[in-house]
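Reading through the structure tokens given below for one structure.
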Amino acid sequence: MRKVGYIFDPVYLKHDTGEGHPESPHRLEAINEYVDLIKEPLVRIKPRRATAQEIALVHDVYYPQEIMDLCSAGGTYLDPDTRCSIFSYEAAVYAVGAGLEAVDRIKNGEIERVFAAVRPPGHHAEYSKAMGFCIFNNIAIAARYAQKQGFGKVFIIDFDAHHGNGTQKAFYEDDTVFYFSTHQYPFYPGTGSKEERGTGKGLGYTYNVPLPAGTGDETYIKIYTEELPELVNKFNPDIIMVSAGYDLHMDDPLTHLEVTTEGIGKIVEGILSSTDRPFLFMLEGGYNIIALGESVKLTIEKMLTV
């Protein structure tokens with residue numbers, strides 16, 4: 001049995017997105033209910049609070065202060081989809097801190113794999129801009145932090161139904177971080193075409209697999225059991241990080257893909273079988289709370305056994 005960590009903190013529930021918003025605290029409440037059904041023991045981990053300097057590994061140095069001021073003033077809409085409230089800054093810095101704490105626990109050998117159930121999500125957040133429900137780019141900051149801790153090469157896998165424009169942009173000119181994404185296309189946020197492959201020394205280290213609405217298990221499983229392992233093997237990373245967005249599920253209200261819960265399990269198996277390196281999964285999307293809870297539970301069960 002693998003040593004798997006699970007990161008959660010009640011502070012994530014205080015991020016108030018407003019009545020009826022799909023990115024709500026109910027998402028993590030549902031996940032926790034399903035995770036509590038897992039029979040095998042998990043290492044329960046509390047995140048730490050990321051500093052502004054750590055957030056600035058990816059974002060503009062003035063950006064954290066800007067978000068903090070807006071939240072302290074009572075909150076506002078950061079873009080048409082992304083609302084912050086008085087506790088949102090605190091939730092966001094602890095969401096970043098989950099990735100940092102995970103890297104530290106992996107480095108000291110306490111655990112091999114971690115699932116971080118965080119909100120707000122992160123993969124749309126850009127250098128100095130919140131968007132798509134995301135405030136800080138949790139996984140991109142974790143990748144830069146991991147490199148500072150000696151994990152020289154990082155492979156990021158993003159299976160959210162929406163393309164992670166912020167993560168791609170953070171590493172587009174970088175040959176030490178490989179970004180791989182499958183996503184519905186054309187779709188929000190409009191990026192993620194096959195032609196987007198990186199630039200300069202980063203050319204070839206961005207790999208997008210845009211998929212049409214209606215794509216289901218068969219195509220996804222082939223990508224994650226045949227295409228992905230070859231790329232991972234060639235890049236030979238020191239750690240793999242996964243933007244785990246469960247809105248690719250057929251029951252998700254915001255997207256138009258047809259992946260089943262069992263299909264998500266096969267995707268996760270393909271990821272975990274691609275290498276023996278450490279893994280960090282960080283929650284992104286997923287807005288049908290039953291499908292989300294079932295899928296995260298299955299993900300962690302795979303992390304324990306594959």
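Summary table below
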quantity	calculated
Residue within the range 85-95 that is within 26 Å of G150 (Cβ to Cβ) and not small (G, A, S) present	yes
Residue check for E126: more than 24 Å from A91 (Cβ to Cβ), touching a Lys or Arg at 6+ places or on another chain (Cβ under 8 Å), modelled with pLDDT of 95 or more and open to solvent by 20 Å² or more (accessible area, probe 1.4 Å)	no
Enumeration of residues in the range 163-192 that are among the β-branched types (V, I, T), surrounded by fewer than 22 Cβ atoms within 10 Å (Cβ to Cβ) and within 20 Å of A143 (Cα to Cα)	T176
Qualifying positions in the range 4-45 - in contact with a Gly (Cβ under 9 Å, 6 or more places away or on another chain) and among the basic types (K, R)	R27, R44
The range 67-82, subset assigned to a helix (DSSP H, G or I) and in contact (Cβ under 8 Å) with a residue 12 or more places away in the chain, residue surrounded by the fewest Cβ atoms within 10 Å (Cβ to Cβ)	S72
Scope the range 1-22; condition surrounded by 15 or more Cβ atoms within 10 Å (Cβ to Cβ) and assigned to a helix (DSSP H, G or I); matching residues	V11, Y12, L13, K14
Close pairs from the range 21-44: first in contact (Cβ under 8 Å) with a residue 12 or more places away in the chain and within 18 Å of R2 (Cβ to Cβ), partner of a type in the set (A, V, I, L, M) and part of a loop (DSSP other than H, G, I, E, B), Cβ under 8 Å, at least 6 apart	V35/L42; V35/A117; E40/M1; V43/I111
Any hit, the range 91-102, residues being in contact with a strand residue (DSSP E or B) (Cβ under 6 Å, 6 or more places away or on another chain) and open to solvent by 60 Å² or more (accessible area, probe 1.4 Å)	no
Positions within the range 267-294 being farther than 15 Å from Y6 by Cβ and of a type in the set (G, A, S), in sequence order	G270, S273, S274, G285, G286, A291
Subset of the range 143-157 that is open to solvent by 20 Å² or more (accessible area, probe 1.4 Å) and small (G, A, S) - its residue that is farthest from L257 (Cα to Cα)	G150
Extreme residue, surrounded by the fewest Cβ atoms within 10 Å (Cβ to Cβ), among residues of the range 255-306 that are among the acidic types (D, E) and out of contact with any strand residue (DSSP E or B) (no Cβ under 7 Å at 6 or more places or on another chain)	D276
Which numbered condition F133 misses (of (1) at negative phi; (2) surrounded by 22 or more Cβ atoms within 10 Å (Cβ to Cβ); (3) of a type outside the set (D, E); (4) in contact with a strand residue (DSSP E or B) (Cβ under 8 Å, 6 or more places away or on another chain))	(1)
Condition check for D160: part of a loop (DSSP other than H, G, I, E, B), modelled with pLDDT of 95 or more and open to solvent by less than 40 Å² (accessible area, probe 1.4 Å)	yes
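Okay, residues lined up against (1) acidic (D, E); (2) open to solvent by less than 60 Å² (accessible area, probe 1.4 Å); (3) under 17 Å from A98 (Cβ atoms); (4) out of contact with any Leu (no Cβ under 9 Å at 6 or more places or on another chain):
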| position | (1), (2), (3), (4) |
| --- | --- |
| S24 | no, yes, no, yes |
| A30 | no, yes, no, no |
| P47 | no, yes, yes, no |
| A50 | no, yes, yes, no |
| A56 | no, yes, no, yes |
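The values are calculated or read from the model by the stated rules, or taken from the named source; none is laboratory data. As the structure is a computational prediction, the values presented were derived from the model and not from experiment. With ideal geometry, Cβ positions are generated from the backbone for all residues, glycine too; neighbour counts draw on all protein chains shown. Just the protein is used for accessible areas: all its heavy atoms, side chains included, with ligands, DNA and RNA removed. Shrake-Rupley method; radii C 1.70, N 1.55, O 1.52, S 1.80 Å.
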